[in-house]
Amino acid sequence: MSDSIDAALEEAGEKTEEAASAQESSASEAVQPETPPEAEPTAEAEPDAAQAEPDAAQAEPEPVPLPEEPAPPAPRRTTALMLGAGESSRELALAFERLGVAVVAVDRGDDTEELAALIERERPHYVVTESGAVAADALIAVAEQGDTEVLPTPRSIRLSQDREGLRRLASDELGLPTVPFWFAGSVDELTAVAEHAGYPLLVKPVAGSLDDGQSVLLRPDDIEPAWERATSAGGVMRVLAESVVEVEHAITLLVIRTTGPAGPAVHFCEPIGHRDDDADVLEAWQPQRLTPAAMDGAKSIAARIVNSLGGRGVFAVELLVQGDDVYFADVRVGPGDSGLVTVRSQRLSQFELHARAILGLAVDTIMISPAAAEVSYGKPESVDANIVTAVLADALATSESDVRLFGRGDESDGRQRLGIALATAPDVIVARDRARRVGTALRKLFA
């Protein structure tokens, strides 16, 4: 019996060990489930076998992304390179900027290499000349490339610097009426001209500033000083001599030349009368009344010379008027001093008209009021601020008046502009009187 009890106990112990061993194995499997060595456990549940990904041989290839197309370049803003940084250039730059044009302004453009490099760097749509000192050869090369428009045209610029070439174009090629004129290449030739034409005789440089080089011969003793003055101002050993004729009016006719689908067209402002007997003051007024015959003659002469020069923009044609007779005197390509009166007389000033014509936009020459201006020239000097305020208060006390002051002086055709007196009125006579009063007060700053 004892043996039977021992055998039962031994069998029970073996079953207990087997159960404990099975329990430890089960616990080990629960803690460390078997996973493939390359798979990383994740927090997401494993997909069912039915939802397993298809074999690689049966999987569709992923689409290859196409290379992105480069973004189109941003449109380049219309740019104008302005040659000349005086007051006229600033007014013109402002007119361009108001029409959305970016303006790059430089003081001068008389160095061919520098100008060519500047144009290459800036790549402007337009090169606009407001200075007499420009390298015409560089502008001609730019115009021939066709990428940039040069306005005024290089031919116009060259002729504006050559009074002999311009006068021969007007008289010999176009047949425009002019006062009798001659050219002289020495003092002896000028003496022969004076003996033939008689006195008085007006002598002008063929290039450069008229104001610095112009003089009137009244007797033989004046010949040599006049020659020296004209050749010094022009830098050329040649002069232009004209007979002095009696005229009623010296006028500027502003002509705006435009181009379009129907071809070139010209538009005329009301004639501007002017007088500059005093070298330090230019008086201008608009309108200057002419007879119908004189008005027709003035428009005919102006249109012919402007169309010959070509291009787009404002041309200031200088004419002499005696009764119904009109004579061509000169032409300036671009806005001029006598045209400053348009700042108050017209809906669009000469600067706004110039900018519009260059850009190919519509223009109008509507005059909104008779007006007058006095432009003062001289050497700029520092003036106390209190004195400036007092002078301006006196000047602007005149009805319908306005002024412009140029702090450092502004060069125009060799003269330094210091300020402009402007006035409007229902009648041009009243406007002139008002402008004189404003100008007289303003010149206290320049005395």
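The values are calculated or read from the model by the stated rules, or taken from the named source; none is laboratory data. The structure presented is a predicted model; accordingly, all values stated were derived computationally and were not measured. Because the Cβ atoms are built from the backbone with ideal geometry, glycine has one as well, and the counts that use them run over all protein chains shown. We work out accessible area using only protein heavy atoms, side chains counted, and drop any ligands, DNA or RNA first. Shrake-Rupley method; radii C 1.70, N 1.55, O 1.52, S 1.80 Å.
Overview of values
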{"item": "Odd one out for S215, checked against (1) in contact (Cβ under 8 Å) with a residue 12 or more places away in the chain; (2) at positive phi", "result": "(2)"}
{"item": "Filter pass, P287 being in contact with a helix residue (DSSP H, G or I) (Cβ under 8 Å, 6 or more places away or on another chain) and either open to solvent by 40 Å² or more (accessible area, probe 1.4 Å) or in contact (Cβ under 8 Å) with a residue 12 or more places away in the chain (or both)", "result": "yes"}
{"item": "Scope segment 359-375; condition touching an Asp or Glu at 6+ places or on another chain (Cβ under 8 Å) and surrounded by 23 or more Cβ atoms within 10 Å (Cβ to Cβ); matching residues", "result": "A372, A373, E374, V375"}
{"item": "R443 vs. criteria more than 30 Å from A265 (Cβ to Cβ), open to solvent by 10 Å² or more (accessible area, probe 1.4 Å) and touching a Phe, Trp or Tyr at 6+ places or on another chain (Cβ under 8 Å)", "result": "no"}
{"item": "Residues of segment 251-266 satisfying the condition of being among the hydrophobic types (A, V, I, L, M, F, W, C) and either open to solvent by less than 10 Å² (accessible area, probe 1.4 Å) or in contact with a helix residue (DSSP H, G or I) (Cβ under 9 Å, 6 or more places away or on another chain) (or both)", "result": "I251, L253, L254, V255, I256, V266"}
{"item": "Failed item, numbered, when S243 is tested on (1) open to solvent by 50 Å² or more (accessible area, probe 1.4 Å); (2) of a type in the set (S, T, Y); (3) out of contact with any Asp or Glu (no Cβ under 9 Å at 6 or more places or on another chain)", "result": "(1)"}
{"item": "Members of segment 314-330 found to be in a strand (DSSP E or B), open to solvent by 20 Å² or more (accessible area, probe 1.4 Å), touching a Ser or Thr at 6+ places or on another chain (Cβ under 8 Å) and of a type outside the set (S, T, Y), listed by number", "result": "E318, A329"}
{"item": "Any hit, segment 191-201, residues being aromatic (F, W, Y) and open to solvent by 20 Å² or more (accessible area, probe 1.4 Å)", "result": "yes"}
{"item": "Every pair of residues 6+ apart whose Cβ atoms lie under 9 Å, when the first sits in segment 242-270 and is under 16 Å from S349 (Cα atoms) while the second is part of a strand (DSSP E or B) and among the basic types (K, R)", "result": "T252/R332; H267/R257"}
{"item": "Those residues of segment 81-117 which are β-branched (V, I, T) and either in a loop (DSSP other than H, G, I, E, B) or at pLDDT 85 or above (or both), in sequence order", "result": "V101, V103, V104, V106"}
{"item": "Number of positions in segment 235-292 that are under 30 Å from the mean Cα position of the chain (by Cα), assigned to a loop (DSSP other than H, G, I, E, B) and closer than 27 Å to L151 by Cα", "result": "10"}
{"item": "Every residue from segment 209-229 that is aliphatic (A, V, I, L, M) and either modelled with pLDDT of 95 or more or more than 35 Å from the chain's Cα centre (by Cα) (or both)", "result": "V216, L217, L218, I223, A226"}
{"item": "A397 vs. criteria open to solvent by 30 Å² or more (accessible area, probe 1.4 Å), among the small types (G, A, S), at pLDDT below 95 and over 22 Å from R98 (Cα atoms)", "result": "no"}
{"item": "R344 being open to solvent by 10 Å² or more (accessible area, probe 1.4 Å), closer than 29 Å to A207 by Cβ and either part of a helix (DSSP H, G or I) or at pLDDT below 95 (or both)", "result": "no"}
{"item": "Selection count, segment 290-323, where residues are free of Cβ contacts under 8 Å to residues at least 24 places away in the same chain and in contact with a helix residue (DSSP H, G or I) (Cβ under 8 Å, 6 or more places away or on another chain)", "result": "0"}
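Conditions (1) open to solvent by less than 40 Å² (accessible area, probe 1.4 Å); (2) free of Cβ contacts under 8 Å to residues at least 40 places away in the same chain; (3) basic (K, R), marked per residue:
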site	(1), (2), (3)
L151	yes, no, no
R155	no, no, yes
R167	yes, no, yes
T178	yes, no, no
F183	yes, no, no
